[in-house]
Amino acid sequence: TAAAFSIKAIVDFGKAAIEIGSSVSEVQNVVDTAFGSMAYKVEAFASTSIEQFGMSTLSAKKTASTYMAMARGMGLNEEAASDMSIALAGLTGDVASFYNISQELADVKLKSVFTGETETLKDLGVVMTQANLKAYALQNGITKSLESMSQAELVGLRYRYVMDMVRLRRKTIRSRSAIS
């Protein structure tokens with residue numbers, strides 16, 4: 001029976017390896033399609049994602065590719081979209097670690113940059129109301145009204161707002177805990 005158990009374990013391991021290999025191949029196809037000529041950026045990001053953000057290479061590529069597809073779908077140019085996508089993918093790892101949530105949940109919350117949803121960000125201390133976005137835009141020298149912005153401009157504004165607010169929130173929490 002020990003031999004049968006060992007054979008079953010080897011077969012199960014082989015099946016798992018094939019599934020992982022298939023996932024890697026599928027995600028690589030998504031990376032190549034989403035990032036096109038910018039794929040080298042996500043490769044560099046993913047190669048250090050475990051050390052920098054606690055994200056596996058596979059997760060880093062998958063998350064960044066999803067954001068890239070969304071950014072391009074909103075009209076951002078390839079260069080801006082790739083930079084934004086990679087920064088947001090890294091932020092999912094940071095947010096997951098900092099707030100002790102899954103990377104998948106952090107990903108759902110940060111997709112609000114593209115969708116404009118506000119509820120998912122509130123748990124992170126980010127209140128992305130229209131009034132707050134307008135005030136943020138004015139504070140940063142943007143005088144164009146939100147209503148007249150293109151989707152790409154709105155995504156860019158939400159991206160900067162969320163990045164700044166998450167950083168500010170983490171900094172505030174860390175300084176409070178240092179005082180305690």
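Things to note:
- Boolean, Tyr40 is in contact (Cβ under 8 Å) with a residue 12 or more places away in the chain and aromatic (Phe, Trp, Tyr): no
- Across region 92-116, the qualifying residues are those that are surrounded by 14 or more Cβ atoms within 10 Å (Cβ to Cβ) and among the acidic types (Asp, Glu), and the one among them that is nearest to Phe45 (Cα to Cα) is Asp94.
- Residues that are assigned to a helix (DSSP H, G or I), touching a Ser or Thr at 6+ places or on another chain (Cβ under 7 Å) and open to solvent by 50 Å² or more (accessible area, probe 1.4 Å), drawn from region 48-77: Ile50, Thr57, Leu58
- Taken over region 127-163, the criterion of being acidic (Asp, Glu) and surrounded by 14 or more Cβ atoms within 10 Å (Cβ to Cβ) is satisfied by Glu153 alone.
- One residue alone among Leu168, Leu157, Leu121 is modelled with pLDDT of 95 or more and more than 26 Å from Asn29 (Cα to Cα), and that residue is Leu157.
- Entirely in region 80-180, the helices (runs of 4 or more DSSP H) that have 3 or more residues that are in contact (Cβ under 8 Å) with a residue 12 or more places away in the chain and aliphatic (A, V, I, L, M): 103-110, 151-179
- Meets criteria (more than 21 Å from Phe35 (Cα to Cα) and at pLDDT 90 or above) for Ala152: no
The values are calculated or read from the model by the stated rules, or taken from the named source; none is laboratory data. Note that this is a predicted model, so its numbers are computed, not measured. Every residue, glycine among them, receives a Cβ derived from its backbone with ideal geometry; neighbour counts consider all protein chains shown. To get the accessible areas, we keep the full protein, side chains included, count just its heavy atoms, and leave off ligands, DNA and RNA. Shrake-Rupley method; radii C 1.70, N 1.55, O 1.52, S 1.80 Å.
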